[in-house]
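The values are calculated or read from the model by the stated rules, or taken from the named source; none is laboratory data. Please read all numbers here as calculations on a predicted model, not as lab measurements. Cβ coordinates were reconstructed from backbone atoms using ideal geometry, including for glycine residues, and neighbour counts include every protein chain displayed. Keep in mind that these areas ignore ligands, DNA and RNA; they rest on the heavy atoms of the full protein, side chains included. Shrake-Rupley method; radii C 1.70, N 1.55, O 1.52, S 1.80 Å.
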Amino acid sequence: MILLHIILMLSVLMFAVAFNNRFPRKQTILILVLVVFALAGIGASIVPKDNYDLARHYQVIERVRKSSYTLGSFLSKGYTITSSNYRYTYLFNVLIYIVARWFPNQALPFIAIFITYILFVSVLLREFEDSDLNNKNILLSFSIFLVLLPFLYVYSGIRNALASTIVGYGLYRFFKNKKFFIFAFCSICAVLIHPVAIAVIPFIVLSKYSPSVIGLIITLVIPSLLNPVIEFVRLHVHNDFLFGIAAKYYNYTMVRVDNQGRVFLYSPIIVLVIIIINVVWNQKKKRMPDADNKYSLANLFVWYSAFSLGYFKNYSMITRLPYSIAVLSPVIVNEVLSYHCVKSELKQIVRIVTIGSILFIAALGLYENIMWLV
C-alpha cells in the first residue's frame, strides 16, 4: 500500500515539475501504466464505508460465493439472491461471479479501476502524437478526468463509472476512427453493466449540428421535460427492462440523496461551462478544426454538457452524467482548450486563467477524494 502511494505521488510529481516539457513516449507510457496499476492497487486495498455501493457489491459477492449457482443459472435467476438492480446487468454479473468463484472481493475494485483508467490512458495515447504527448497535456487531461469522474466514485460506485467509461471509449473510436462496430460493442457492454450509459448515445445525432443559443436553452430544459415521460414508462409500460431503467432514473432524481460536498458538485459544473464557452466561441471565430466526418465530438461535448447542466439542482445526476465524457478529456484538451493559443494578449490571459482554474479545482478535488477515502 505504501509503495503504491509512493509510485503514484512520484509519477504525478514528475509530470507536474516538468509541466512544460515531455518525456520520451516509451517512458511516458511506462509511467502511465504504473499510475494505473497504483490506482487500482490503492482502490483494492481500501475497506469501503458501509454507505458505498462497493460495500453492497462485496455482500453480493459473498452471497454468490456461498451459493451453488452455475454461471448460467446465476445469470438467469441470480437476482433472487442479489437484488432487482442486477437483473439485466449481465456483464457485471459475469464479473461478480468470476470474482466470487476464484478471487478475493478486492479483485472487483481492482479490475474496475484498472479498466476505467487504462481506457482513459488509451484515449490519451491515441489523441496525442509524440510531439504533443507532453506533460502539460497529460496533466490537464488527468485533471479534467478527475473532475468529471472523481476517483472516489470510480472506487465506491464501480458500475456507473465503469459503464460510462466504456461507452465513452466507444464514442471516441466512432468519432475518431469511424469504428462503428467498436462503438456498438462498447455500448452494449456498458448497458449490460449499468443502464445510465445510454444517456450520452442520443447526442450522437445532435453532434451533426453546431450549437445555437436557442438549441442550448432547449437542451437545458430537456431534463424537466423528461420527468413525466420517465414516470409514464415506470408506471404504465409493462416491460421489465424499461421499468428497470425508469426506476433507476426515479431513484437518482427523486429518492437518492447523495452529498459528498460542494467541491464534487460545483467542479464538474465549472468544467462543463468552460467546455460550452470554449467550443461556441472557437466555432464562432472559426478556430475549431473541420471534422473528419459529418459528426463532431466538439458539438457532442456542448450538447451533452448543456443537458447535464439541466440537472444542476440534482446532486446525483449532475455529478454522474459527466462520467461519459470524462474519458474524452484528452480530446477536450486537444480540440477545445488548445484553441486559446492566439497572439492576442487578452486571449493569452484568458487561456492562462482557464488552465489555472482547471488545475486548481482538480487539486481541490484530489484533496477531497483523499479525505473521503481515508
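General observations
- Candidates I7, I46, I2 - the one that is of a type outside the set (G, A, S), modelled with pLDDT under 85 and surrounded by 15 or more Cβ atoms within 10 Å (Cβ to Cβ): I7
Conditions (1) open to solvent by less than 30 Å² (accessible area, probe 1.4 Å); (2) at pLDDT 75 or above; (3) closer than 24 Å to R159 by Cα, marked per residue:
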{"site": "S316", "(1), (2), (3)": "yes, yes, yes"}
{"site": "P322", "(1), (2), (3)": "yes, yes, yes"}
{"site": "I349", "(1), (2), (3)": "no, no, no"}
{"site": "L359", "(1), (2), (3)": "no, yes, no"}
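- Applying the condition of being in a loop (DSSP other than H, G, I, E, B) and open to solvent by 70 Å² or more (accessible area, probe 1.4 Å) to the range 61-104 and asking which residue is farthest from I166 (Cα to Cα) yields S68.
- Filter result (in a helix (DSSP H, G or I) and either crowded, with 16+ Cβ neighbours inside 10 Å or touching a residue at least 60 places away in the same chain (Cβ under 8 Å) (or both)) within the range 170-181: G170, L171, Y172, R173, F174, F175, K176
- Within the range 184-194, the set of residues being of a type outside the set (S, T, N, Q) and open to solvent by less than 20 Å² (accessible area, probe 1.4 Å) comprises C186, A190, I193, H194.
- Any hit, the range 110-123, residues being in contact with a Leu (Cβ under 7 Å, 6 or more places away or on another chain), at pLDDT 90 or above and over 28 Å from Y52 (Cα atoms): yes
- Pair list, Cβ < 6 Å and 6+ apart or interchain, from the range 107-133 residues that are in contact (Cβ under 8 Å) with a residue 60 or more places away in the chain and within 16 Å of A44 (Cα to Cα) to residues that are assigned to a helix (DSSP H, G or I) and open to solvent by 10 Å² or more (accessible area, probe 1.4 Å): P109/A44; F110/A44; I113/L39; Y117/L39
- So Y339, is it modelled with pLDDT of 85 or more, surrounded by 19 or more Cβ atoms within 10 Å (Cβ to Cβ) and of a type in the set (F, W, Y): no
- Of residues in the range 147-169 being among the polar types (S, T, N, Q) and touching a Lys or Arg at 6+ places or on another chain (Cβ under 9 Å), the one surrounded by the most Cβ atoms within 10 Å (Cβ to Cβ): S164
- Picking from residues in the range 108-146 that are open to solvent by 10 Å² or more (accessible area, probe 1.4 Å) and among the aliphatic types (A, V, I, L, M), the one that is nearest to I98 (Cα to Cα) is I111.
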